[in-house]
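Visitor: The structure's right below; bear with me while I get my questions together.
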Amino acid sequence: TADLMEEQILVIRGRDGRLRALDNVCRHRASRLVAGISGHCSGSLVCPYHGWRYELDGKLAGVPSESTFDGLDKSKIRLPELNLEEWMGFIFVRFSAEGASVAESMGAYTEDAALYKFQDMQPLGESRVLECDFNWKLFVENDSEGYHIRAGHPGLSRLFGSDYNEAIDGDVGSQAFSTLAQEESPVWAEASYQRLLPEVPHLPDRLQRAWAYFGLFPGAVVQASPDVADCYQVLPTGPESCRLLTFRVALADARREMRAARYLSSRIVRNVINEDLTLCRSTNEGIKSGRY
């Protein structure tokens, strides 16, 4: 399930194997149909309010005391279906079907992205939801350039030096990558990551020591490294608030050095996100100045 502003949606795989995005709102009295973030439905979707029952494709299948609803035609009632696209194992849903598809938006970077085998990865740890007290566009602007890394992210500067390359394809997709520096960082977690990160057989030499950033305008990012893919998306909740969704996915790999590298990179990434949030809060206050 996912909520955006006042919209509630659910994504479910039907008996026919097809993924669908449906309104998570009963057509009778607008009750939320499915609670929780994820789970399984044993054959149908049943409203907890009055027991209206829907098939997994959204069609209305059953109404308790149906004879008391004069003229009810169940065939004309269903949960609205939204536009859904699966790209390399990631599921994207949007409320308007206008504009380029995700595949089209990321077309220039598909070859590199495919090397990571995102579609074969599994969730690593719990997803996080961060409620933020600034306008969502400030996070997008901050996340769309590497110019602030030298001053704003000292840890990344120690890890990668000045190595940062960006590519932007129009206004829909972007890619950036950095390669780990040969000189070890003086910070223990960063130096240990540089030292312990193992090779993986599915990546070419140029990506064995690199972090690659795949950005889908306006607010979704997959940041891939040899050990893990960090995914996040910023969503507006108001003029001075937003919600940051983050989760990690990875390929199965039981090596001790891989487990250590994933732990260390999680510490590094969490510090980077906290630094970005601080910068965005500062900017959110600064833009209120009448002389800016």
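Visitor: If we count every other residue with Cβ under 15 angstrom of residue 226's Cβ, Lys/Arg +1 and Asp/Glu -1, where does the sum land? Walk me through the numbers before you get to the answer.
Guide: Working: positive: 117, 195, 206, 209, 248, 255, 259, 262; negative: 112, 120, 199, 205, 227, 230, 253, 257.
Cβ neighbours under 15 Å give a net charge of 0.
Visitor: Can you find, among 36, 105, 234, the residue sitting farthest towards the positive end of the charge dipole of the chain, where Lys and Arg contribute +1 and Asp and Glu -1 at Cβ?
Guide: Highest projection toward the positive end goes to 36.
Visitor: Can you pull the percent of the chain's accessible area that's carbon plus sulfur, 1.4 Å probe, other chains left in place?
Guide: On the way: 8330 of 16310 Å².
In the chain, the share of accessible area belonging to carbon and sulfur is 51 percent.
Visitor: Can you divide the C-alpha Rg of the chain by 2.2 N^0.38 Å and report the result to two decimal places? Intermediate results must be reported in sequence, preceding the final value.
Guide: On the way: Rg = 22.2 Å, N = 292, 2.2 N^0.38 = 19.0 Å.
Taking the Cα Rg and dividing by 2.2 N^0.38 Å, one obtains 1.17.
Visitor: List the longest stretch of the chain that has no exposed loop site; here a site is one of the trypsin sites (Lys or Arg not before Pro) assigned by DSSP to anything other than H, G, I, E or B, with at most 13 other Cβ within 10 Å. Spell out each step's value before the answer.
Guide: On the way: sites that count: 15, 18, 29, 255, 288, 291.
Longest site-free region, per DSSP loop and neighbour criteria: 30-254.
Visitor: For residue 65 and residue 30, what is the calculated FRET efficiency with R₀ set at 25 Å and r taken between the beta-carbons, to the nearest 0.05?
Guide: In this case the efficiency is close to 0.85.
Visitor: Compute and list, largest first, the equivalent-ellipsoid semi-axes of the stretch 14-128 from the alpha carbon gyration tensor, each √(5λ) rounded to a whole angstrom.
Guide: Details: eigenvalues 243, 56, 27 Å².
Three semi-axes, in Å: 35, 17, 12.
Visitor: Under 23 Å between alpha carbons, and skipping anything fewer than 8 positions from residue 137 in its own chain: which lysines qualify?
Guide: Leaving aside lysines fewer than 8 places away in the same chain, those within reach of residue 137 are 288.
Visitor: Quick check: net charge around residue 82, other residues with Cβ under 14 Å of its Cβ, Lys/Arg +1 and Asp/Glu -1? Please list the in-between numbers first.
Guide: On the way: positive: 18, 20, 78, 94; negative: 3, 7, 23, 57, 81, 85, 86, 98.
It works out to a net charge of -4.
Visitor: Set the Förster distance to 45 Å, then compute FRET efficiency between residue 117 and residue 288 from the Cβ-Cβ distance, nearest 0.05. Could you put the intermediate results ahead of the total?
Guide: Values: r = 45 Å, r/R0 = 1.00.
Efficiency at R0 = 45 Å is approximately 0.50.
Visitor: Evaluate the relative contact order of the stretch 169-292 (contact order divided by residue number), counting alpha-carbon pairs under 8 angstrom at least 6 apart; express in whole percent.
Guide: On the way: 151 pairs, mean separation 27.0, N = 124.
Averaging sequence separation for qualifying contacts and normalising by length gives 22 percent for the stretch 169-292.
Visitor: Picking from 247, 118, 90, which is most flexible by a Gaussian network model of the chain using Cα springs under 10 Å?
Guide: Top of the fluctuation ranking is 90.
Visitor: Here's something else I'd like to know. Let me know the charge dipole size of the stretch 22-140 about its Cα centre in debye, to the nearest 20, where only the beta-carbon of Lys, Arg (+1) and Asp, Glu (-1) is charged. Working shown, then result.
Guide: Working: 12 positive and 17 negative charges, 108 e Å.
Value, rounded to 20: 520 debye.
Visitor: What are the aspartates and glutamates whose alpha-carbon lies under 19 Å from the alpha-carbon of residue 74, with same-chain residues fewer than 8 places away excluded?
Guide: Here the aspartates and glutamates satisfying the reach criterion relative to residue 74 are 23, 55, 57, 66.
Visitor: Further, regarding this structure: Send over a whole-number figure in Å² for the accessible area per residue of the chain, probe 1.4 Å.
Guide: On the way: 16310 Å² over 292 residues.
Heavy-atom SASA per residue in the chain reads 56 Å².
The values are calculated or read from the model by the stated rules, or taken from the named source; none is laboratory data. These numbers come from a predicted model, not from an experiment. Cβ coordinates were reconstructed from backbone atoms using ideal geometry, including for glycine residues, and neighbour counts include every protein chain displayed. These accessible areas exclude ligands, DNA and RNA; they are computed on the full protein's heavy atoms, side chains included. Shrake-Rupley method; radii C 1.70, N 1.55, O 1.52, S 1.80 Å.
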